[in-house]
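Structure first, then comments.
Taken together, the values in this text are just the output of simple stated rules run on the coordinates, not laboratory data. Not measured: the values here are computed from a predicted model. Heads up, the Cβs are rebuilt from the backbone with ideal geometry, glycines too, and the neighbour counts pull from every protein chain shown.
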Amino acid sequence: MTPLTGTASAVEANRATRFLRSSAGRALMVAMVLLLTVAGAGGLALANNAGLFADRPEGCVAPDRHLDLYAVELPRDPATNQIRLGYGLTPQTASYPGPTMEMIEGECLAITLHNQVPEATLAALRTEPGHPLGVSLHVHGVKYTQESDGTVHSNSYVPSGRSRTYTWFAQPRNTRTGAQGTAGYWWYHDHVVGGPHGTQGIASGLFGGLVVRRQGDPRPDRTYVTAFGDRQTINLRRSPDTDTCDHANPQPGPTCMVARVGEKVEFIVIGIGNEMHTFHLHGHSWADTRTGLVSGSNRALVDSIPIIDNRTLGPGDSFGFQVTAGDSVGPGHWMLHCHMQFHSDAGMSTVVHVLDENGTMPQYGGDAPPAHHR
Ligand SMILES: [Cu+2]
C-alpha cells in the first residue's frame, strides 16, 4: 500500500470515530446491528436454497466493463464432419478459439452469455443420459463466485435461448493480505456441454484465451491463441487446415498468424483434451516467466530464468509470452508445432508468417514449397 492511501485511510478512520461518538452515530449503529441480525437470520434460513450465492467476488464493488458473448453453432468441421460450436462477441463473429479476453489487475468484468446453440445440437452432444442441456462460461485464473462458476451443480449454466451474466474479478496482488494477484495467461471454456465437465463443449470449440495484465506490463501489437488438443490438433485443426493465410492478402485470425518484422507478437498457449504436448516456435525464444519477458540488469535474477523455445503443456495448462517478430532472424514462414514427433507428423503444425517492413510475404527459397504449404 502506498503512503498516500494510508494517509487517506487514517483520515477516514478519524472521521468515522468522531461520527460514532455523536448521538446520531450511536442511533445509526444500533439500527445497523438490528438490521444485520435480521438479515443474518434470514440468510441462514435461506442458505439451503440454490441461487443465493454472492454474485461477485469480494473486491469487485461493481463491474467496470460489460461484454456480450454469444455461443452459437458453426458449420461442421469439413475434415471430420464433427459438430462445431464457437463463442463470439457477436453471433456472426463466433469462432474457435473464441475472442481473446483481456483484463488488467483490479478490473471487474461482467460477461453476459447468450446461448444460441439449438437444444437439439446440445442433445446430440450429450454423453450422459438426462444431463441438462445448456452451455456455460468457466474461467481459469481470475476470481469468481459460485454464481459464475459455469457448472451444473451450482446451477450457473445457460439453457438454449437464455442468457446469464458471469462476473470475473482480476484480483490485484496485495502484499499485505498475501493475495498473489491474477496476472497471467489463462483460458475460458464451457463446462456443461455433453456432461458435467464440458468435455464435448471444449472438443466442439467452446474455448478461448484470457490475458490478465499487471499495471505497467508491456502491450503487444498482436495476440494469437493456440490450443493444443487431442487428435493432434491446433485449435481443433490439423495441417494444412491450421494455416489458411492468403499470401496475397493475409487476414490475421486463428488460421492466419501473421506479423510484420519488429512487431510485438503475443501467444496464448492452451492445453485442451487429454494429451501432453510440447509447444515449439521456430526462430524465436522467450524467458520462462509470467510474461515471457525479463527486464533489468540484475545478473543473478536474469541468469536464474531460463530462455526457452519449447515448453511442455499438459491438459488445462496455459502460458503465454511476447516475442519481437523476426528479431535478428528476419521475415520468414516460421513453423509453430507440437514437438512430440508423432503429433507433428500427424499434422500438429502451423506457420507464423513474419512479413518484411513493407508487409510483403516472403518468398520461399529453392524450387519446392515446404511440406506444410498447400
Ligand atoms: Cu502434441
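Taking other Cβ within 10 Å of each residue's Cβ, how do His191, His353 sort, fewest first?
His353, His191
Using the Cβ atoms and a cut-off under 15 Å, what net charge is assigned to the surroundings of Glu263, where Lys and Arg are +1 and Asp and Glu are -1?
Counting the neighbours of Glu263, the net charge comes to -1.
Taking the Cα centre of each part, how many Å lie between the range 51-86 and the range 217-236?
The two parts, judged by their Cα centres, are 18 Å apart.
Starting with the fewest neighbours, write out Ser304, Ser297, Ser163 ranked by other beta-carbon atoms found within 10 Å of each beta-carbon.
Going from least to most buried by this count: Ser297, Ser304, Ser163.
How much length would be gained if the chain were fully extended between Gln251 and Ala300, taking 0.36 nm per residue of separation minus their Cα-Cα distance, in nm to one decimal?
Length gained between Gln251 and Ala300: 13.4 nm.
If we count other beta carbons within 10 Å of each Cβ, what is the order of Phe319, Phe169, fewest first?
Phe319, Phe169
Please name whichever of Ala179, His140, Tyr87 sits farthest to the positive end of the charge dipole of the range 51-216, dipole taken about the Cα centre and charges placed at Cβ: Lys and Arg +1, Asp and Glu -1.
Looking along the dipole axis, the top candidate is Ala179.
Please list, in order along the range 250-257, the HN-Hα scalar couplings obtained from phi with the Karplus expression 6.51 cos²θ - 1.76 cosθ + 1.60 (θ = phi - 60°), rounded to whole Hz, x for Gly and Pro.
These are the phi-based 3J(HN,Hα) values: x, 10, x, x, x, 10, 8, 8 Hz.
Report D for the range 95-177 in µm² per second (integer): Stokes-Einstein, Kirkwood Rh on Cα pairs, 20 °C, 1.002 mPa s.
149 µm²/s
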